[in-house]
Structures are given as C-alpha cells and as structure tokens.
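Report on the structure given below.
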Amino acid sequence: MQLHFVSRADYALKEESVSIKTIIESYTGFYVLPEGGTNKLALKGCGEILDGHTQHFDYICVAVGTGGTISGIINASKAEQKIIGYSR
C-alpha cells in the first residue's frame, strides 16, 4: 500500500483539482478516502475491532468524531451489547 497525502485545501477541491486528478491517473486499484475516513469499507473495517476478545463485553465505549467507528462497531455488535459513544 502506498499513501499519497494532499493538503486539506487541495482535498476540499478534489473534484476540480488538477493535482489530485494527476495523482489518481498515476495509480490503478486506488481508493480515495473521504474526509473523516468514513465510507462502506471503513464501516466494515471498524466492525472488525470486535472479535473473540470482545464477545463477552456488556458495554463497549468509543470516542465519536464522524461516526464511522461507532457505526461499524454497532453493526458488528451482538444484540445484547450496549454501545456508548462519547463526543469531545
């Protein structure tokens, strides 16, 4: 995997940015991560935080920013588990 970082200003204009289009054209099989990092793949990956070690937990607490991490955890949690999110 190779990450290519861009400035926040360039990313905000990603649909029009020539520099970002140039980066995209130079790679195959790439993913453009959304600001905040949340998309369907992120939810799947965050769901993988819960594993055999967490299956017996009654409560799972997590910090909340964009909501992606807690969404993935909620999707992967058992019906009897309580998921609590804390915003800053």
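The values are calculated or read from the model by the stated rules, or taken from the named source; none is laboratory data. On a predicted model such as this, the values are computed, not experimentally measured, just so you know. Note that we place each Cβ from the backbone using ideal geometry, even for glycine, and neighbour counts take in every protein chain shown. Note: areas computed on protein heavy atoms with side chains; ligands, DNA, RNA excluded. Shrake-Rupley method; radii C 1.70, N 1.55, O 1.52, S 1.80 Å.
Restricting Lys44, Lys40 to those that are charged (D, E, K, R), within 27 Å of Gly72 (Cα to Cα), modelled with pLDDT of 80 or more and surrounded by fewer than 10 Cβ atoms within 10 Å (Cβ to Cβ) reduces the list to Lys40.
Only one of the numbered conditions (1) over 29 Å from Val32 (Cβ atoms); (2) of a type in the set (S, T, N, Q); (3) at pLDDT below 95 is violated by Gln81, and that is (3). Do the conditions hold for Val18, that is, is it open to solvent by less than 100 Å² (accessible area, probe 1.4 Å) and not polar (S, T, N, Q)? For Val18, the condition - open to solvent by less than 100 Å² (accessible area, probe 1.4 Å) and not polar (S, T, N, Q) - is not met.
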